[in-house]
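As structure tokens, the structure follows; a few thoughts come after it.
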Amino acid sequence: MNRAVTNLIENSMKFKKPTEPLCMILEVVVVDDLVEIVIKDNGQGISDLQLPYVFDHFYRGEEARTSTTGGSGLGLAIVKQIVEKHNGHVKIQSKLHYGTTVTIVLGKA
Ligand SMILES: Nc1ncnc2c1ncn2[C@@H]1O[C@H](COP(=O)(O)OP(=O)(O)OP(=O)(O)O)[C@@H](O)[C@H]1O
Ligand SMILES: [Mg+2]
């Protein structure tokens with residue numbers, strides 16, 4: 001789980017807007033018998049066209065491929081795999097040029 005959260009924080013840092021300081025919000029919310037770990041940033045965001053593919057192995061967005069920040073496009077695929085092994089799921093919401101919110105949903109232990 002440490003790896004999953006680290007991958008998400010690394011993404012927020014890597015895909016920040018060059019023109020604005022990065023602002024991240026991390027929340028842990030308990031909803032009935034579920035726990036949500038929410039990681040929200042004010043970064044570059046992801047277009048609606050790219051969003052369905054970001055959990056695919058080796059998928060890297062347009063900007064990621066043309067930048068020098070590196071990465072192989074495995075980070076989110078690994079997050080999904082880890083969370084699903086814990087019987088949870090991952091949700092992503094994003095708006096291009098506004099930011100991204102990733103939510104890890106797990107059963108309460
Ligand atoms: N917080 C974010 N803000 C904007 N775009 C993001 C964010 N997280 C992921 N993305 C987009 O989703 C793509 C896939 O993310 P993923 O973490 O799987 O790969 P990566 O970061 O490019 O490479 P790696 O994680 O292997 O170093 C990224 O290339 C990027 O286009
Ligand atoms: Mg990554």
Which of Lys40/Lys95; Lys17/Lys40; Lys40/Lys108; Lys16/Lys91; Lys17/Lys91 have a Cα-Cα distance over 18 Å? Lys40/Lys108; Lys16/Lys91; Lys17/Lys91
If you average the C-alpha positions of the stretch 73-109 and of the stretch 1-18 separately, how far apart do those two centres end up, in angstrom? 11 Å
Working from Cα positions, state the angle (0 to 90°, nearest 10) between the long axis of helix 2-14 and the longest principal axis of the chain. 30 degrees
Would you kindly find the accessible area of Arg65, with a 1.4 Å probe and non-protein molecules such as ligands, DNA and RNA excluded, rounding to the nearest 10 Å²? 130 Å²
What aspartates and glutamates sit close enough to Lys14 to cross-link, taking a C-alpha to C-alpha distance under 17 Å and skipping anything fewer than 8 places away on the same chain? Asp41, Glu62, Glu63
Would you rank Lys85, Lys14 by solvent-accessible area, highest first, keeping every protein chain in place and using a 1.4 Å probe? Lys85, Lys14
Go through 76-83, 39-46 and give me the packing order, highest mean Cβ count within 10 Å leading. 39-46, 76-83
Stretchable slack from Asn87 to Glu10, in nm (0.36 nm times residue separation minus alpha-carbon distance): 25.4 nm
Report the residue, chosen from Val90, Val38, Val29, that carries the largest GNM mean-square fluctuation when the chain is represented by alpha-carbon nodes joined by springs under 10 Å. Val29
Please work out the ratio of the alpha-carbon Rg of the stretch 2-107 to 2.2 N^0.38 Å and round it to two decimals. 1.03
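The values are calculated or read from the model by the stated rules, or taken from the named source; none is laboratory data. Given the structure is predicted, the values throughout are model-derived calculations rather than measurements. Reconstructed Cβ throughout: ideal geometry from the backbone, glycine too, with neighbour counts over all protein chains shown. Side chains included, ligands, DNA and RNA excluded: accessible areas come from the protein's heavy atoms. Shrake-Rupley method; radii C 1.70, N 1.55, O 1.52, S 1.80 Å.
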